[in-house]
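Single-structure report; data block below.
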Amino acid sequence: MTKKKITAIRDFIESAEKSIKSAKKLLGEILQEENIDLSAEVNLDTKGLNKYNSGDEKIIEWVFTGEEMLGADKNNYPVPVNYASKSKLVQGDKMKLTIDRAGKMMYKQILPIERDTKTGLLTKDKGRYQVVADGVTYNVLTAAVTHFKADIGDSITILIPKGKDATFAAIENLIPKE
């Protein structure tokens, strides 16, 4: 009896994966036909951000994109993934990068975006970890997944910008299995 149930569950999962792949393909075709870029819908506000020098230090204010920083100068800069995941940075958080004359970089959050917490399941698609919560798929940093020692199918709590569209989420915690 148990083997039948396991086989049925496996078949349901395979069927669901095929449906999701088909839906993603169809969505991609529609977006391409209609010339719609969903990544442009994530509005990252860079108003009021500055780039300046203070003594020997160079300071760049930026907004977190989910995996990089978008500087006041509209350029993208890398963010250490361990820092981003441990600090639970959320897409839209405003930050400051100070670079001293020796090249040492210091990151500081200056204005966190208002957050919502959701619960979802950890998945992986095309080598990228994602959390599906309330029917929406959010990319998450691999460093956060490994930090929490999470596995595909685990329940995860995530942080997203409150009331805004997002493509990335920060992993807040791993929900222990019963």
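Axis angle, to the nearest 10 degrees, between helix 2-33 and the longest C-alpha principal axis of the chain: 50 degrees. A straight chain from residue 173 to residue 111 at 0.36 nm per residue would run longer than the Cα-Cα distance by 20.1 nm.
In deg cm²/dmol, rounded to 500, what helix-only [θ] at 222 nm does the chain give when every DSSP H run of at least 4 residues adds -39500 (n - 2.57) and the total is split over its residues? It would help to have the intermediate numbers written out before the result.
On the way: 3 runs with 44 residues, N = 178.
Dividing the helical sum by the residues of the chain leaves -8000 deg cm²/dmol.
Sorting the segments 83-92, 146-155, 9-18, 49-58 by their residues' average number of neighbouring beta-carbon atoms within 10 angstrom, most packed first, yields 83-92, 146-155, 49-58, 9-18. So, how do all the Cα-to-Cα distances of the chain break down into 5 Å bins, in percent, from 0 on up? Pairs per bin, as whole percents: 1, 8, 14, 17, 16, 15, 11, 7, 5, 3, 2, 1, 0, 0, 0.
List, in the order given, every pair from 86/124; 51/124; 25/177; 108/164 whose Cα-Cα distance in the structure shown is over 31 Å. Let's see the in-between values first.
Numbers: 86/124 20 Å; 51/124 37 Å; 25/177 33 Å; 108/164 23 Å.
Where the Cα-Cα span goes over 31 Å, the pairs concerned are 51/124; 25/177.
If I take R0 = 30 Å and measure r between the Cβ atoms of residue 50 and residue 83 in this structure, what FRET efficiency does the formula 1/(1 + (r/R0)^6) give, to the nearest 0.05? That gives a FRET efficiency of 0.90. When 178, 172 are arranged by Cβ crowding within 10 Å, least crowded first, meaning fewest neighbours, the order is 178, 172.
Rule-based calculations on the coordinates, nothing more; no lab input. Fair warning: this is a prediction, and the values are worked out from it, not measured in the lab. In this analysis, Cβ positions are derived from the backbone assuming ideal geometry, glycine residues included, and neighbour counts consider all displayed protein chains.
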